[in-house]
Structures are given as structure tokens and as C-alpha cells.
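Following: one structure in C-alpha cells, then a few remarks.
The values are calculated or read from the model by the stated rules, or taken from the named source; none is laboratory data. Note that this is a predicted model, so its numbers are computed, not measured. Here the Cβ positions follow ideal geometry from the backbone for every residue, glycine too, while neighbour counts run over all protein chains shown.
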Amino acid sequence: MTDSAILGFSGPTVCRLTGVTYRQLDYWARTELVTPSITPAQGSGSKRQYSYEDVLEVKVIKSLLNAGVALNRARQAVACLRQSLGADLASSSLVLSENGSVLAHDDGDLVDLLRGGQGVFNIVPLAGVVAELTTILRQHAASTSERETLTA
């Protein structure tokens, strides 16, 4: 991975990579939906630094919102993902129902079983989210390298 993956991603870079607006990202940070894990904001003018995992969470939330999931449900989904840290998101699907959410792995394992057996209303495969973010990161790294070469 590139130096930016090690050092972190700035807020504007996260916005370019994920398609969220800076206003959304700022709101999500202030409401602790996605907080920058490398460098949190510390007053006016401070620079937040997001990790790859933070960027992936932002991308997952954006995908959920695009799929018609309400923001409060997206919060529940992110909480579920955080609880099952270490899960291979590329081979998982997030299943949402009225009573909860489940992370379903290709091998049949379920994390956070549904309570009450209510019907599923939305399934979001995460492999596409991970693949899309990886592609965007590669393009970003290539364009950053090109700009650095041109200015050198």
C-alpha cells in the first residue's frame, strides 16, 4: 500500500475516495458515526487523519445510504461491523431487518443473529464496496505519484 495508507487520509481525500460531501463527513465525525482513528479533530483548523478502516466504514455507510437505508439504520450496521472486527468484509454481506443486523459470511457464519425472525428488507454485499474502494485508492495513488513527478 502507499504512504498515504500508512500516514492516513485527510478529510478532503476521504471525500474524493468515497463520494461523501465534506459536510457529511464532518457531521459523521461530530456525531461519532465515523471518527478519524489516526488524528481526531482537536479544535478549529485541526486536520483529521483517517485510517484505511475509517475510509472503508465511510464507503460502507455511503453504500447503505445509496441503497435506501436510513442513517440511523446505517449507524446500527456500522456498530455491527465494529463488533465483528476482523471479519473479511470482501466475502461478507450485511443483512438488515427491522430488529437488527447480521453480518453473513460466505462460509455460512452469522454475526449478531436477528432477534424475532422478522423479514429481511435489505441485503448489501460488501465485496463490491471493498473492490471499489481498492480501485479508487489505486487511482488516487497513481495520480498523486504523477503530480509529485511533474512537480519534481
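Quick notes on this one:
- Residue count, region 12-31 (criterion: aromatic (Phe, Trp, Tyr) and free of Cβ contacts under 8 Å to residues at least 12 places away in the same chain): 2
- Residue match in region 83-92 (condition: acidic (Asp, Glu), closer than 24 Å to residue 8 by Cβ and at pLDDT below 60): yes
- Of the residues 13, 31, 21, the single one that is modelled with pLDDT of 90 or more, surrounded by 15 or more Cβ atoms within 10 Å (Cβ to Cβ) and out of contact with any strand residue (DSSP E or B) (no Cβ under 6 Å at 6 or more places or on another chain) is 13.
- Those residues of region 32-62 which are of a type in the set (Ser, Thr, Tyr), touching a residue at least 12 places away in the same chain (Cβ under 8 Å) and in a loop (DSSP other than H, G, I, E, B), in sequence order: 35, 37, 51
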